[in-house]
Amino acid sequence: ETVEERLKQRIVDGDRQGLEDDLAEAMKTYPPLEIINSLLLDGMKVVGELFGSGQMQLPFVLQSAETMKTAVAWLEPHMEKVDGQAKGTIVLATVKGDVHDIGKNLVDIILTNNGYRVVNLGIKQPIATIISAAKEHKADAVGMSGLLVKSTVIMRENLEEMTREGLDVPVILGGAALTRAYVETDCVNAYGAKRVAYARDAFDGLNLMARIAD
Ligand code: B1M
């Protein structure tokens with residue numbers, strides 16, 4: 001078994017015993033972000049399929065998620081970082097009713113390492129909290145993440161509330177249940193055609209933030 005296969009399998013099995021050794025070995029060949037994107041996330045995709053088809057129970061999904069978090073935390077200090085003045089501020093949150101935060105936290109790491117200030121509010125955040133944080137931190141952008149189908153509706157409602165509150169901050173939306181079409185029609189309309197963009201993955205999020213802030 002190669003280290004690539006082992007790492008993917010560790011995510012599927014939620015197996016943390018000796019994880020660091022495999023990560024160190026993979027680091028000889030791949031940069032940390034590539035380990036996350038092409039090895040660990042492959043494992044997470046399998047977990048999603050097994051869970052979705054009823055072949056994996058929730059406690060095991062949780063173990064996989066914890067393994068993913070342990071791996072990301074181990075790799076994080078090895079990532080390249082841009083230093084200097086913050087290039088812009090983003091308020092980032094997983095929306096109300098949703099606990100999924102692995103993708104959001106990856107966005108945080110990638111933006112932070114690229115010189116942006118990230119105010120990460122955490123999971124299950126009501127829109128009132130997001131709005132007041134955006135004002136308090138004079139955010140250049142608001143980022144909302146959510147993986148549940150119902151979170152896509154919450155995002156649209158959040159944008160309606162931001163419109164009512166008179167906010168005019170560009171918004172980046174991401175998460176597995178979203179589609180570009182939904183963001184570019186329903187969500188854009190809900191925000192009075194102000195700037196709302198869809199991020200397919202964390203790098204897309206970085207590109208969008210760069211366009212907004214630079
Ligand atoms: Co849950 N879950 N889960 N889950 N879970 C999904 C999302 C699901 C698709 C699984 C399935 O059925 N196949 C399904 C949703 C179905 C639906 O809505 N129709 C589901 C369900 C049903 C649930 C529960 C309801 C289960 C239950 O309780 N019966 C429950 C929900 C609780 C709640 O939120 N209220 C639940 C719970 C959990 C765990 C706690 C066990 C765990 C989460 C742990 C954690 O995050 N701390 C979990 C997990 C791990 C998953 C799957 C398997 C993997 C998600 C993940 O971390 N992926 C997931 C399956 C799937 O997504 N297909 C699933 C890796 C991560 C890096 O990807 O977050 O998509 P992702 O982020 C990507 C992009 O989307 C993007 O960038 C990242 C990649 O670079 N991105 C952004 C995301 N946010 C962004 C923001 C941006 C930019 C890009 O800018 C702002």
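Some values worked out for this structure:
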| read-out | value |
| --- | --- |
| When residues of the range 75-84 are limited to those that are open to solvent by less than 70 Å² (accessible area, probe 1.4 Å) and assigned to a helix (DSSP H, G or I), the one farthest from GLY14 (Cα to Cα) | GLU76 |
| Filter result (away from the ligand (no atom under 12 Å from the Cβ) and open to solvent by less than 60 Å² (accessible area, probe 1.4 Å)) within the range 29-69 | TYR30, PRO32, ILE35, LEU39 |
| So THR67, is it part of a helix (DSSP H, G or I), touching a Lys or Arg at 6+ places or on another chain (Cβ under 7 Å) and in contact (Cβ under 8 Å) with a residue 12 or more places away in the chain | yes |
| Residue list for the range 184-214, filter: of a type in the set (Asp, Glu) and more than 12 Å from the ligand (Cβ to nearest atom) | GLU184, ASP186, ASP214 |
| Test set (1) surrounded by fewer than 20 Cβ atoms within 10 Å (Cβ to Cβ); (2) within 14 Å of the ligand (Cβ to nearest atom) - ILE11 fails condition number | (1) |
| Of the criteria (1) in a helix (DSSP H, G or I); (2) away from the ligand (no atom under 14 Å from the Cβ), which one GLN17 fails | (1) |
| Any hit, the range 155-166, residues being within 10 Å of the ligand (Cβ to nearest atom) and at positive phi | no |
| Matching residues in the range 85-94 - criterion: being part of a strand (DSSP E or B) and either open to solvent by 30 Å² or more (accessible area, probe 1.4 Å) or modelled with pLDDT under 95 (or both) | none |
| Qualifying position, being among the basic types (Lys, Arg) and closer than 15 Å to GLY103 by Cα, among ARG200, ARG195 | ARG200 |
| Any helices (runs of 4 or more DSSP H) falling wholly within the range 105-214 and containing at least 2 residues that are open to solvent by 20 Å² or more (accessible area, probe 1.4 Å) and closer than 28 Å to TRP74 by Cα | 202-213 |
| Counted residues, the range 71-107 - those being closer than 25 Å to LEU39 by Cα and away from the ligand (no atom under 12 Å from the Cβ) | 10 |
| Number of the condition not met by GLY97 [criteria: (1) part of a loop (DSSP other than H, G, I, E, B); (2) surrounded by fewer than 18 Cβ atoms within 10 Å (Cβ to Cβ); (3) over 19 Å from the mean Cα position of the chain (by Cα)] | (3) |
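The values are calculated or read from the model by the stated rules, or taken from the named source; none is laboratory data. This structure is a prediction, so every number in the text was calculated from the model and none was measured. Ideal geometry is used to build each Cβ from the backbone, glycine not excepted, and the neighbour counts take in all protein chains shown. Note: areas computed on protein heavy atoms with side chains; ligands, DNA, RNA excluded. Shrake-Rupley method; radii C 1.70, N 1.55, O 1.52, S 1.80 Å.
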